[in-house]
Amino acid sequence: MAAVVSAQNLGLTFSTNDGPVHALSAVNLTIAKGEFVSFIGPSGCGKTTFLRTIADLEQPSSGSLRINGMSPRRARQARAYGYVFQAPALYPWRTIEKNVALPLEIMGYSATEQAQRIRRTLDLVNLSGFDKKYPWQLSGGMQQRASIARALAFDADLLLMDEPFGALDEIVRDHLNAELRKLWAATQKTICFVTHSIPEAVYLSTKIVVMSPRPGRVTDIIDSPLPKERPLDIRETPEFLAIAARVRDGLRAGHSYEEVM
């Protein structure tokens, strides 16, 4: 399958007043079209930084990174990805439909095309009928679904998601995990998903990338053997628990490596 994201010996070092901060080191990773890839690791390990390099919001210090065969800069100019942040980042003075329409307005879509895309994406995230509401009239989970709709509106093949459900309670998070699996199955997007939750990573993903403490390195890449159809109670099966244990072992191994260094 075609590589959507290809990183080779990728490194990133920030210059600060207190000296250099090594955020990423020797990251080698290939993400194929249609995969759902979760990144998990301790806080500050470079998960979000890696997403930001894909989005051309940060520039690598070494190695190479290609998005659909292009540089991150060209991929950004080609609108090759949608980005969902930790917070919904919706404009409170714009209705939900106007928030979803924002990238379409910037990209010059006609009013007719905007209306069609808004209707389609709100339906995908189960927000049909809430188009005239304002963000402050919706729950946190609904706001995050609106943010996902905005990222999907211009139909980019790649969706970057930076801990989008981290601030939600467990019941809402479980519901949105199940809804995101359905959305991924319906759209066949390639998804890069940052999380701190082992159950969330195992439940959602076709591939799990385990990262070490800073400087962020890949300590394990796990191809999930779980079936495409995943009811929430799959989390109680031996197969699920075995993958979760491997993720946990990978996280521990990363900490051990840091201590001996």
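The values are calculated or read from the model by the stated rules, or taken from the named source; none is laboratory data. Since the structure is predicted, the reported quantities are computational estimates derived from the model, not experimental observations. Methodologically, a virtual Cβ is constructed for each residue, glycine included, from the backbone with ideal geometry; neighbour enumeration extends over all protein chains shown.
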**Request:** Go through the residues of the stretch 228-236 one by one and say whether even a single one is within 13 Å of Phe39 (Cβ to Cβ), in the same structural domain as Ser25 (by TED's automatic domain parsing) and without any contact (Cβ under 8 Å) to a residue 40 or more places away in the chain.
**Result:** no
**Asked** Going by the structure shown, is Ile67 in contact with an Asp or Glu (Cβ under 9 Å, 6 or more places away or on another chain) and modelled with pLDDT of 95 or more?
**Response** yes
**Request:** For residues that are in contact with a Leu (Cβ under 8 Å, 6 or more places away or on another chain), under 16 Å from Ser224 (Cβ atoms) and among the hydrophobic types (A, V, I, L, M, F, W, C), scanning just the stretch 30-64, find the one that is surrounded by the fewest Cβ atoms within 10 Å (Cβ to Cβ).
**Result:** Phe36
**Complete set of residues in the stretch 216-230 that are surrounded by 12 or more Cβ atoms within 10 Å (Cβ to Cβ) and over 10 Å from Val202 (Cα atoms)** = Gly216, Arg217, Val218, Thr219, Asp220, Ile221, Arg230
**Message:** So Arg181 ticks every box in (1) more than 20 Å from Ile31 (Cβ to Cβ); (2) in contact (Cβ under 8 Å) with a residue 12 or more places away in the chain; (3) of a type outside the set (A, V, I, L, M) but one. Which box is left unticked?
**Reply:** (1)
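What is the residue count in the stretch 110-125 for residues that are assigned to a helix (DSSP H, G or I) and surrounded by fewer than 16 Cβ atoms within 10 Å (Cβ to Cβ)? Lay out the reasoning, then the answer.
Filtering the stretch 110-125 down to residues assigned to a helix (DSSP H, G or I) leaves 111-124.
Applying the additional criterion that residues be surrounded by fewer than 16 Cβ atoms within 10 Å (Cβ to Cβ) yields 111-113, 115-116, 119-120, 123.
Residues flagged as assigned to a helix (DSSP H, G or I) and surrounded by fewer than 16 Cβ atoms within 10 Å (Cβ to Cβ) within the stretch 110-125 amount to 8.
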**Item:** Filter pass, Thr219 being under 18 Å from the mean Cα position of the chain (by Cα), at negative phi and not aliphatic (A, V, I, L, M)
**Value:** no
**Message:** Please return the ranges of helices (runs of 4 or more DSSP H) entirely within the stretch 126-213 where 1 or more residues are surrounded by fewer than 19 Cβ atoms within 10 Å (Cβ to Cβ) and not assigned by TED's automatic domain parsing to the domain that holds Gly41.
**Reply:** 140-152
**Request:** For the stretch 131-150, name all the residues that are farther than 18 Å from Lys182 by Cβ and in contact with a helix residue (DSSP H, G or I) (Cβ under 6 Å, 6 or more places away or on another chain).
**Result:** Asp131, Lys133, Pro135, Gln143, Arg150
**Asked** Do you know which residues across the stretch 212-246 are touching a helix residue (DSSP H, G or I) at 6+ places or on another chain (Cβ under 8 Å), of a type outside the set (Lys, Arg) and under 20 Å from Ala26 (Cα atoms)?
**Response** Ser212, Pro213, Gly216, Thr219, Asp220, Ile222
